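Working notes for the structure below.
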Amino acid sequence: MREYAIKGGAPLVGEVEIGGAKNAALGILAGALLSNETVEIENVPDLYDTNVMMDALKELGAYVEKVDRHTVRINGAGVHKTELDNDDLKKIRGSYYFAGSLLGKYKNARIALPGGCNIGSRPVDQHIKGFNALGASVQIENGCLVCEAESLTGTHIYLDVVSVGTTINVMLAAVLASGQTYIENAAKEPHVVDVANFLNSMGAHVRGAGTDVIRITGVESLHAAKYSIIPDQIEAGTFMLAAAVTKGDVLVKNVIPKHLESITSKLLEIGCEVEEFDDAVRVVASKPFKHTQVKTLPYPGFPTDMQPQIVVALGLAEGTSIVTESIFENRFRYVDELTRLGANIKVEGNTAIIEGVEKYRGANITAPDLRAGAALVVAGLASEGYTLVDDIHYVERGYEDFPEKLAGLGAAIQVVNDEKELTKFKLKVG
Ligand code: EPZ
């Protein structure tokens, strides 16, 4: 038993500080080995996934020094192997970025095929297509992606689907290739732009990140750099939704409001107030929610990683809302858990039809993956009575100090490891 115990009902009020973007950090950590000089990376979130990436860097022979909780120095000069096949690495998605960076620098890589959240089939055909186009041969052998090349040469690569992972992986492989690489139909997510900016800070020549054509001119080598990772758009969005569903008033600090526009716009539509500052957004919810429609799309559309959180809010809105998931086909697995709290949601294919209910009531529920787990916590905070959320290791993969940050806003939430701790929690919160 390791669960979040939650007593719902309290509006979240106060200020919360958002950490560095997990999905940018994963690409950046893998990219750090591209240089033989020391790169210092700040604002690295302290999460399971980022720690696995740093352990993998050490295993490869890179020098990794944690300067403080969120700053790391990495030097890739000592890398002496190009193979990674450990069990921790298989659990995380970002591990495949080592295929791009090792292939780019050493012209070969053997990386265990990535795991990550079970949110639908997650093929790697586009990554393979990109590496092939640069001149590498790629096989899948014993569950590993095996990439080899004599040399890598820039070319035009058209992605059949807009893929964050492929865009980052091809950038990592192409920055040291000879000539020009064009990634067409590239992903435009803020973390794609952040990885490009990081590579440029090391002397790479990546242009157009944030548009659908990225142009990379290969350079001979990359140099030392100091770089700070952007704030996490999804952590910020999750706190915005937590403020909304608890009818709270929260200032979400250290964010880039532009990255949150699609979330802000839905919150305004359902009747929340959202005030934007230079590097913060304030969400105030005092009125009943109105129903709306949401479709997940690649950036700048509404992020699939915020889909479960918006469904939690719409489950409490007046009338019927429709949410369409267009990125991952298996991303409504949490709906059964939400139903235990009293939600009235029917899923047909990639669409959720949500009949708003007046309130949720606490229950024992299980996190099926990272973002859905966070959304269920948010639902618990808005529920009457106690909610226990199980399998919280998923949530811990993407949210640093989640219960502590929520408690700082007045939520009654705590990690409990046994019945005794649960009883103590209940006595404490009344
Ligand atoms: C990244 O996954 C994120 N993960 C995901 O966040 C996020 O949900 C997703 O992008 C979409 O924004 C990381 O950055 C580590 P994709 P990724 O390649 O890169 C299809 C979280 O909770 N596709 O953009 O794996 C794929 O099936 C996680 O933090 C192919 O068909 O996603 C999907 O339908 C969950 N072939 C679509 O593209 C490929 O070779 C987008 O996937 C690759 C992808």
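At a glance:
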item	result
Per residue value of the accessible surface for region 22-228 (all protein chains in place, 1.4 Å probe), Å²	36 Å²
Distance between region 271-312 and region 69-85 - C-alpha centres, whole angstrom	37 Å
Sorted peptide list for 303-314, 361-372, criterion being average Cβ within 10 angstrom, highest first	303-314, 361-372
From phi via Karplus (6.51, -1.76, 1.60), per-residue ³J(HN,Hα) for region 88-100 in Hz, x at Gly/Pro	4, 5, 5, 7, 10, 6, x, 4, 5, 5, 5, 4, x
Volume of the Cα convex hull of region 277-410, divided per residue and given in Å³	124 Å³
For TYR360, distant residues with modelled amide H under 5 Å away	GLU384
Per-residue ³J(HN,Hα) for region 38-44, Karplus 6.51 cos²θ - 1.76 cosθ + 1.60, θ = phi - 60°, Hz, x for Gly and Pro	7, 10, 10, 10, 9, 6, 7
Per-peptide average of other Cβ atoms within 10 Å, ordering 49-57, 321-329 highest first	49-57, 321-329
Rounded to the nearest 20 debye, dipole of region 309-366 from Cβ charges on Lys, Arg, Asp, Glu	200 debye
For LEU297, residues with placed amide H under 5 Å, excluding near neighbours	PHE302, THR304
Calculated [θ] (222 nm, deg cm²/dmol) that DSSP helices of n ≥ 4 give over the chain, each run adding -39,500 (n - 2.57)	-9500 deg cm²/dmol
Taking the chain and dividing mean pair separation by its residue count, relative contact order in percent (alpha carbons under 8 Å, at least six apart)	20 percent
Quarter of the Cα convex hull surface for region 22-228, i.e. its orientation-mean projected area (nm²)	9.6 nm²
Cα centroid of region 152-200 to Cα centroid of region 376-430, whole Å	39 Å
Relative contact order of region 278-351, defined on C-alpha pairs under 8 angstrom at six or more residues apart (%)	31 percent
Contact order relative to length of region 319-430, as percent, for alpha carbon pairs under 8 angstrom and 6 or more apart	20 percent
For region 282-338, alpha-carbon Rg relative to the globular expectation (2.2 N^0.38 Å, N residues)	1.17
Spatial separation of Cα centroids for region 86-142 and region 19-65, in angstrom	17 Å
Projected area, mean over directions - the chain, Cα convex hull, nm²	18.9 nm²
Normalised alpha carbon radius of gyration of region 134-261 [divisor 2.2 N^0.38 Å]	1.29
Carbon + sulfur, % of accessible area of region 22-228 - ligands and nucleic acids excluded, 1.4 Å	46 percent
Karplus-derived HN-Hα couplings along region 52-65 (A = 6.51, B = -1.76, C = 1.60, θ = phi - 60°), whole Hz, x at Gly and Pro	4, 4, 5, 5, 5, 4, 5, 4, 6, x, 6, 8, 10, 10
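The values are calculated or read from the model by the stated rules, or taken from the named source; none is laboratory data. The structure displayed is predicted, hence computed values, not measured ones. Here Cβ is always computed from backbone atoms with ideal geometry, including for glycine, and neighbour counts include all displayed protein chains. Each accessible area value is taken on the protein alone, full model and side chains, heavy atoms only, with ligands, DNA and RNA left out. Shrake-Rupley method; radii C 1.70, N 1.55, O 1.52, S 1.80 Å.
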